[in-house]
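Enquirer: Structure in structure tokens, see below.
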Amino acid sequence: SAVISQKPSRDICQRGTSLTIQCQVDSQVTMMFWYRQQPGQSLTLIATANQGSEATYESGFVIDKFPISRPNLTFSTLTVSNMSPEDSSIYLCSVAPASANTEAFFGQGTRLTVV
Amino acid sequence: QKEVEQNSGPLSVPEGAIASLNCTYSDRGSQSFFWYRQYSGKSPELIMSIYSNGDKEDGRFTAQLNKASQYVSLLIRDSQPSDSATYLCAVKSDYKLSFGAGTTVTVRA
């Protein structure tokens with residue numbers, strides 16, 4: 001399995017500001033994903049980070065709010081922009097090979113609190 | 001995202017008993033099925049994957065898949081207090097994972 005380093009592990013931010021979360025993988029991976037897990041809830045996919053092209057966003061998530069970069073096959077960033085308290089959540093990076101029958105693995109997560 | 005439903009919890013079982021977790025999914029084209037365990041404050045950890053109909057056993061864990069019924073389950077035998085966690089069912093379609101809401105399991109010593 002891939003080793004995924006995600007940082008920061010946690011942060012407390014003021015509303016109206018932005019936070020960029022980084023995800024570094026120890027090997028090249030085809031697919032990188034960003035999830036949100038709101039308190040007491042399951043994981044919701046925000047977007048698929050595509051290397052060399054724009055991310056693919058899920059319904060309810062937009063690029064202006066959650067810009068994503070994927071400059072190479074081992075690194076991605078997610079920015080949470082113009083934050084409000086409703087953005088307080090855990091954000092998780094996930095990686096998986098493109099093959100259907102393969103597992104996805106998660107970074108340690110970033111616990112974000114917006115005050 | 002595709003729908004994934006899990007049996008509501010929380011589920012409380014005595015130590016040594018069997019914990020049974022169920023999951024149904026809406027997309028018949030789903031290709032792969034996973035169970036993740038998530039301890040409080042931690043990220044999900046993969047414990048089982050299953051890709052074809054039938055049973056798959058790994059230690060105290062058994063996953064069962066029935067694609068015709070769009071149903072996947074997880075059995076935890078000889079439950080231990082360390083098994084107390086939230087278990088997430090995940091279904092892969094089009095290379096993306098959809099997660100159920102999770103079932104919280106508490107193993108009573």
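Every read-out reported here was derived from the displayed coordinates using simple, explicitly stated rules and does not represent laboratory data. Keep in mind it's a predicted model, so treat the numbers as computed, not measured. No Cβ is skipped: glycine too gets one built from the backbone with ideal geometry, and neighbour counts run over all protein chains shown.
Enquirer: If the requirement is being at positive phi and not small (Gly, Ala, Ser), which of these qualifies: B:80, B:38, B:70, B:64? Talk me through it step by step, then tell me what you get.
Expert: Values: B:80 fails: at positive phi; B:38 fails: at positive phi; B:64 fails: at positive phi.
Testing whether each residue is at positive phi and not small (Gly, Ala, Ser) leaves just B:70.
Enquirer: Out of the residues in segment A:25-59 meeting the condition of being in contact (Cβ under 8 Å) with a residue 60 or more places away in the chain and β-branched (Val, Ile, Thr), tell me which one is surrounded by the fewest Cβ atoms within 10 Å (Cβ to Cβ).
Expert: The residue in question is A:30.
Enquirer: Just checking, does segment A:79-87 include any residue being part of a strand (DSSP E or B), touching a residue at least 40 places away in the same chain (Cβ under 8 Å) and within 11 Å of another protein chain (Cβ to nearest Cβ)?
Expert: no
Enquirer: Same structure, new question: Which one of A:6, A:22 is out of contact with any Asp or Glu (no Cβ under 9 Å at 6 or more places or on another chain), free of Cβ contacts under 8 Å to residues at least 60 places away in the same chain and part of a strand (DSSP E or B)?
Expert: Numbers: A:6 fails: free of Cβ contacts under 8 Å to residues at least 60 places away in the same chain.
The match here is A:22.
Enquirer: Just checking: which of the strands (runs of 3 or more DSSP E) contained wholly in segment B:1-101 hold 1 or more residues that are surrounded by fewer than 21 Cβ atoms within 10 Å (Cβ to Cβ), more than 12 Å from every other protein chain (Cβ to nearest Cβ) and of a type in the set (D, E, K, R)?
Expert: B:54-58
Enquirer: Is it the case that some residue within segment A:94-107 is without any contact (Cβ under 8 Å) to a residue 40 or more places away in the chain and among the charged types (D, E, K, R)?
Expert: No: zero hits.
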